[in-house]
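J.: One structure is given below, represented as structure tokens, and several questions about it will come after.
The values are calculated or read from the model by the stated rules, or taken from the named source; none is laboratory data. Only a predicted model underlies this, so the values are computations on that prediction, with no experimental measurement involved. Glycine gets a Cβ as well: all are built from the backbone with ideal geometry, and neighbour counts include every protein chain shown. When the accessible area is computed, the model is the full protein with side chains, heavy atoms only, and any ligands, DNA or RNA have been set aside. Shrake-Rupley method; radii C 1.70, N 1.55, O 1.52, S 1.80 Å.
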2 protein chains.
Amino acid sequence: VSSPQTVEAALKIGAIDEAQPLQRAVAISDLIYLSQPIERILETIEVIDAHVRPGTVITDAGSTKRAIVDKAGQWIRRGIFVGGHPMAGKEVSGVQQAEASLFHGRPYVLTSRHPELETWVVSIGARLVFLDAEEHDRLVALTSHLPQLISTSLANLIGSDPAAAKVAGPAALDLTRLAASPYEIWRDILRTNATSIDAALGAFIWQLQQIRASLAGPEMEREFEAAAKSARQLRTPSA
Amino acid sequence: VSSPQTVEAALKIGAIDEAQPLQRAVAISDLIYLSQPIERILETIEVIDAHVRPGTVITDAGSTKRAIVDKAGQWIRRGIFVGGHPMAGKEVSGVQQAEASLFHGRPYVLTSRHPELETWVVSIGARLVFLDAEEHDRLVALTSHLPQLISTSLANLIGSDPAAAKVAGPAALDLTRLAASPYEIWRDILRTNATSIDAALGAFIWQLQQIRASLAGPEMEREFEAAAKSARQLRTPSA
């Protein structure tokens, strides 16, 4: 189900065998995979259930889960909905960018168990993680949405000083890389995860205030040591 | 001037021709380059001037400049002091890591003009930037010291939630990379640039509070657009 241009490109590279209009597609599917922007996923959930065969598995790839799982709870009766979040991606989009190894070793969150879907996730090389929607949204607020907003804020602060670019080095570049992300993707994420993001921002501001209060004090050594330990743990594959 | 082990390693790889004790070395030098930790630079400045020949150029590679330039203003009379900050480095240290191309294209800040020293800086491929000590410290607080403390704070916040590592992706890794930096390097930087770092942290916390107040509002689109523009400018070589 996509635009005529995308369908044509997808047929050409062999990514799909055939395209169908939404209503027809969901009526003949065993598995429905919603990989649209979050707001479109929410709209689609409202219209498909009447057309699916009973027991059809419906999943999605939205970056926030509570709004989507709640919506599915209201609208999906004949199908079986399992929220999903494949935590992999590219800086470029479009069917031409398809890559079979994209999910290798990456976390793939499911919001409930479903043996058939689990087998499928494992078969594309992803690492299964089960989280309920609430917990998922809280954790990605911390590990993904907060980093994005930090990067956006830092780029704006540095950008407000014309002389700063003269001395900006690897540290500034590392921390402003995410600031290039397009707002179109983030609008839906911010709207559907505002509560958790607000909490993450609050906790982070508190951390910064602690650090600010003890800049030249002996507590800083412990802050640095704990941070280095945490940074290492994030980089260990078993984590 | 270094420890016996470092001298031996440096002679072995041909990085130096000879080593001397501090007092003898400064007495026979045309150019004295202080590449010690900041607190050691401050100590060295207090003891060398009596031994140098009049007109000897003394420069340094300390990451903050106001404390060092102030100290030199008090103690250096016979020598000519020019504060320096080569903005390049490696994650590994030691004479074995020497690399001729380390400074290619990187900013090299001098706090005052000195034609001979400028020629030398240009000859190693660095890009000359003139900044007085105060302005240098203000700008690096924004572009280097603030990013470090953000990364330290974020690593500690993420580290405080054991479940976070399960979903940490490229965003979390990007922003916590600096958190692995050793405190030994940062202690002196934080102590000698506390005022500017405090101001940068204050401005950044204010930015985050603005963003927090308008999370799902239309202002966010402008925040993202301005940030993307700033991130691009930091990445243009002409900046």
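J.: Pairs, please: C-beta under 6 Å, at least 6 apart or cross-chain, first residue closer than 22 Å to A:Ala155 by Cα and in segment B:188-201, second open to solvent by 60 Å² or more (accessible area, probe 1.4 Å)?
T.: Once the first residue is closer than 22 Å to A:Ala155 by Cα and sits in segment B:188-201, its partners that are open to solvent by 60 Å² or more (accessible area, probe 1.4 Å) give B:Ser196/B:Arg138; B:Leu201/A:Arg212.
Yes or no, residue by residue, for (1) without any contact (Cβ under 8 Å) to a residue 60 or more places away in the chain; (2) on the phi > 0 side of the Ramachandran plot; (3) in contact with a strand residue (DSSP E or B) (Cβ under 7 Å, 6 or more places away or on another chain); (4) open to solvent by 60 Å² or more (accessible area, probe 1.4 Å):
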position: B:Val95; (1), (2), (3), (4): no, no, no, no
position: B:Thr111; (1), (2), (3), (4): yes, no, yes, no
position: B:Arg138; (1), (2), (3), (4): no, no, no, yes
position: B:Thr143; (1), (2), (3), (4): yes, no, no, no
position: B:Ala168; (1), (2), (3), (4): yes, no, no, no
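J.: Tell me which residues, restricted to segment B:122-143, are among the hydrophobic types (A, V, I, L, M, F, W, C) and within 27 Å of B:Leu190 (Cβ to Cβ).
T.: Step one: list which residues in segment B:122-143 are among the hydrophobic types (A, V, I, L, M, F, W, C), which gives B:122, B:124, B:126, B:128-131, B:133, B:139-142.
B:Ala126, B:Val129, B:Phe130, B:Leu131, B:Ala133, B:Leu139, B:Val140, B:Ala141, B:Leu142 - these are the residues of segment B:122-143 that are among the hydrophobic types (A, V, I, L, M, F, W, C) and within 27 Å of B:Leu190 (Cβ to Cβ).
J.: Being buried (at least 23 other Cβ atoms within 10 Å of the Cβ), of a type in the set (Val, Ile, Thr) and either touching a Phe, Trp or Tyr at 6+ places or on another chain (Cβ under 7 Å) or at pLDDT 95 or above (or both) is the requirement here; does A:Ile205 meet it?
T.: So A:Ile205 does not fit the description; no.
J.: Name the residues in segment B:146-169 that are in a loop (DSSP other than H, G, I, E, B) and within 7 Å of chain A (Cβ to nearest Cβ), would you?
T.: Of all residues in segment B:146-169, those in a loop (DSSP other than H, G, I, E, B) come to B:160-163, B:167-169.
Residues satisfying the conditions are B:Asp161, B:Ala163, B:Val167, B:Ala168, B:Gly169.
J.: May I ask you to verify whether A:Ala172 is in a helix (DSSP H, G or I), hydrophobic (A, V, I, L, M, F, W, C) and at the interface with chain B (Cβ under 7 Å from one of its Cβ atoms)?
T.: Values: in a helix (DSSP H, G or I): yes; hydrophobic (A, V, I, L, M, F, W, C): yes; at the interface with chain B (Cβ under 7 Å from one of its Cβ atoms): yes.
When the stated conditions are applied, A:Ala172 passes them.
J.: Specify which of the listed residues (A:Ala163, A:Ala171) is more than 23 Å from A:Gly62 (Cβ to Cβ), in contact with a Pro (Cβ under 8 Å, 6 or more places away or on another chain) and among the hydrophobic types (A, V, I, L, M, F, W, C). Let's see the steps before the verdict.
T.: Details: A:Ala163 fails: in contact with a Pro (Cβ under 8 Å, 6 or more places away or on another chain).
Result of the check over A:Ala163, A:Ala171: A:Ala171.
J.: Residue check: is B:Glu39 within 21 Å of B:Glu184 (Cβ to Cβ) and in contact (Cβ under 8 Å) with a residue 40 or more places away in the chain?
T.: Numbers: within 21 Å of B:Glu184 (Cβ to Cβ): yes; in contact (Cβ under 8 Å) with a residue 40 or more places away in the chain: yes.
The answer is yes for B:Glu39.
J.: Return the residues of segment B:3-14 that are in contact (Cβ under 8 Å) with a residue 40 or more places away in the chain and open to solvent by 60 Å² or more (accessible area, probe 1.4 Å); say none if nothing qualifies. Talk me through it step by step, then tell me what you get.
T.: To start, the set of residues in segment B:3-14 that are in contact (Cβ under 8 Å) with a residue 40 or more places away in the chain comprises B:6, B:9-10, B:13.
Of everything in segment B:3-14, just one residue is in contact (Cβ under 8 Å) with a residue 40 or more places away in the chain and open to solvent by 60 Å² or more (accessible area, probe 1.4 Å), namely B:Ile13.
J.: In addition: Among the residues of segment A:73-83, write down those that are free of Cβ contacts under 8 Å to residues at least 40 places away in the same chain and out of contact with any Gly (no Cβ under 7 Å at 6 or more places or on another chain). Working first, answer last.
T.: Residues of segment A:73-83 that are free of Cβ contacts under 8 Å to residues at least 40 places away in the same chain, as a first pass: A:73-78, A:80-82.
A:Gly73, A:Gln74, A:Trp75, A:Ile76, A:Arg77, A:Arg78, A:Phe81, A:Val82, listed by residue number.
J.: Filter segment A:179-194 down to residues that are at pLDDT below 95 and among the aliphatic types (A, V, I, L, M) and give me whichever is least open to solvent (accessible area, probe 1.4 Å).
T.: Step by step, filter segment A:179-194, then rank; the result is A:Ala180.
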